[in-house]
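Take a look at the structure set out below.
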Amino acid sequence: NIRYDFKEILNLSFNSNFGFSRGRSELKGALNSNNFNHSHTFAGSVTLPWKLEIGTDVMGSFNPGNGSFASSVNVVTWNANIQKKFLPSEGLVLKASVNDILNKATGYQRSIDGANWSESNGFVLRRYFMVSLSWNFLGKL
């Protein structure tokens, strides 16, 4: 994880995760397989005058094809938001956000564990917009 903060104006971060799994079976004719996957996330925000803040994050998840699964599954999702703080304590926040801007989110997952191969497809909310108003009555968020 790499993070850079410049005063209270600019925040940047980058995070990578790597995984490796080995599927192995002693059964005759069973397919042995290795699976490597990785994901990376970049996030950033900038604070502007008038208590205005703009933020974004991009996450890429990469699962190459292998002996068990012929096709690779690569998904990149991008989210962004803009928020305005109100009150002297900055405790009231109006925020507008767009999630999955590229409309690429999937509920697809796969895994390998020994001779067991698993694929699942779940429901996810794809691109959506949201406006929220939150109030932290104890002070600054």
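The values are calculated or read from the model by the stated rules, or taken from the named source; none is laboratory data. All figures in this text were calculated on a predicted structure; none of them were measured in a lab. Virtual Cβ from ideal backbone geometry, glycine too; neighbours counted across all protein chains shown. All accessible areas refer to the heavy atoms of the entire protein, side chains included, with ligands and DNA or RNA removed. Shrake-Rupley method; radii C 1.70, N 1.55, O 1.52, S 1.80 Å.
Scanning segment 59-95 for residues that are modelled with pLDDT of 90 or more, open to solvent by less than 60 Å² (accessible area, probe 1.4 Å), among the hydrophobic types (A, V, I, L, M, F, W, C) and under 18 Å from the mean Cα position of the chain (by Cα) yields VAL76, ALA80.
Any idea how many residues of segment 36-89 are more than 19 Å from LEU12 (Cα to Cα), of a type outside the set (Val, Ile, Thr), out of contact with any His (no Cβ under 6 Å at 6 or more places or on another chain) and in contact (Cβ under 8 Å) with a residue 12 or more places away in the chain?
Going through segment 36-89 one residue at a time, the tally reaches 16.
Taken as a whole, the structure places LEU125 among residues that are open to solvent by 50 Å² or more (accessible area, probe 1.4 Å), hydrophobic (A, V, I, L, M, F, W, C), modelled with pLDDT under 90 and within 18 Å of the chain's Cα centre (by Cα).
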